[in-house]
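Input: a single structure, listed below in structure tokens.
The values are calculated or read from the model by the stated rules, or taken from the named source; none is laboratory data. Only a predicted model underlies this, so the values are computations on that prediction, with no experimental measurement involved. We place every Cβ from the backbone using ideal geometry, glycine too, and count neighbours over all the protein chains shown.
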Amino acid sequence: MFISDIIRLAMKTLSEKKVRAILTIIGIAIGPLALITINSVTSGYSRYIVQQIQGFGQNLVVVMSTEEYTVTRDDLELLKTINGVVDASPFYSTQGTMRIGGEEKDVFIYAVDYDFLFKAIPSLKIGEGEIPSSTEISKCIVGHDIAYNDEGKEVYKVGDVISIRVVKVKSGGKLEIKHVSLAISAILEKYGGAALLNPDKTIFMSMNGAEKLLGVKKWSGILLYVKDPSMINNVTNTIRNIYGRSVDVISFLAFAQIASSISNAVNFMTFSASLAAFAVAIAGVAATMITSVIERTREIGVMKALGFTDGQVLVLIIAEGIVMSLIGAVIGITLGVVGAYALASRGLVISSGTSKIVINAQPDINVFNVSLTIILTIMVGIVGSIFPAYRAAKIPPAVALRYE
């Protein structure tokens, strides 16, 4: 009965001072609103980027040519002998332009062995058509955004021929323009934006096709398929010991680990920034409760004269702060969820030169974050009410009854 009476009295007191209570609740709600909105959006994008990087193949290591050194077939055979390397394949990458849905757009071009590609990057799925053989040099696999325009209308079908314009910079700064026509053999399923590679805007062709149609004589690098992700570090260290800085070594697993670390750091910073709003809310609750205690000094004296103990008065005042905090938490979390989805719907734009990738990720609203927000908000009510409650509990009944 005591608990129900306390809650009833707390609600009655707040209803009598509606404007003050509403303003205090709004101040309290800002903390949960900021914490849920910012944390869920940053966590959602971070989780999405990590998943995308891992989807490129946790077993994949890329050895890139540099200006000082170009990998050759001898390097390919050497890299295959490294402990843990199961398979290796050369690749070539460049950019081109083509007409998609009535306008010129930039596309990525990757020449690679198809079997190796789908083994190393299992997240790539064929939506239509079939994978061409490596001997079919004039056929290719295209990403979803090449076959479909921005409105989702199909502009190219399996069997259609696409024309690509590729500009190469030769020695001396001279430009060489090549026009390549390829028949679409397969269309990939929608992959979604990615931080390092955008399969939706990529054309995959065979190395034979690149050599004969694009005149490729030098590889961009070599892809290595490692037996187990736990061996990635050993493989990359071995390559660096062999080549030093002559080549660039990229591990998608290492990128995922770095992205995860950055994500944790960003989440910590956003959480720390959100605590400022909670600190302001504590001050607001304290100001409201002190004012309330002063105004109700005579009422508190009557309660004590009727038999309320110091502890019961203390609990009553703190209960008022907790009730305001709970209401503020509900309002703040609700608005935070709405704000998070509204903010995430805009997408995260990553620009690189003339290309642009838009990442659309759902906010990461989970039980842990919501529970933590509720606990922090309740603590705002408790901490903000402690001093006013202590002051109210220590007022002598005789003094309180004489208070005007």
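Here are some notes:
- There is at least one residue in the stretch 103-115 that is within 33 Å of the chain's Cα centre (by Cα), buried (at least 16 other Cβ atoms within 10 Å of the Cβ) and of a type in the set (Gly, Ala, Ser).
- Members of the stretch 134-150 found to be out of contact with any Leu (no Cβ under 8 Å at 6 or more places or on another chain) and touching a residue at least 40 places away in the same chain (Cβ under 8 Å), listed by number: 134, 135, 136, 145, 146, 147, 149, 150
- The single condition among (1) under 16 Å from residue 199 (Cα atoms); (2) modelled with pLDDT under 90 that residue 104 does not satisfy is (1).
- Enumeration of residues in the stretch 197-247 that are at pLDDT below 90, assigned to a loop (DSSP other than H, G, I, E, B) and closer than 30 Å to residue 152 by Cβ: 197, 198
- If you go through the stretch 37-51 and keep only what is surrounded by fewer than 24 Cβ atoms within 10 Å (Cβ to Cβ) and either modelled with pLDDT under 80 or aliphatic (A, V, I, L, M) (or both), you end up with 38, 45, 46, 47, 48, 50, 51.
- Residue 128 vs. criteria over 22 Å from residue 178 (Cα atoms), modelled with pLDDT under 90 and out of contact with any Pro (no Cβ under 6 Å at 6 or more places or on another chain): no
- If the condition is being modelled with pLDDT under 85 and not in a strand (DSSP E or B), then the stretch 151-195 contributes 151, 152, 170, 171, 172, 173, 174, 191, 192, 193, 194, 195.
- The listed residues are 88, 34, and the only one of them that is in a strand (DSSP E or B), buried (at least 20 other Cβ atoms within 10 Å of the Cβ) and of a type outside the set (D, E, K, R) turns out to be 88.
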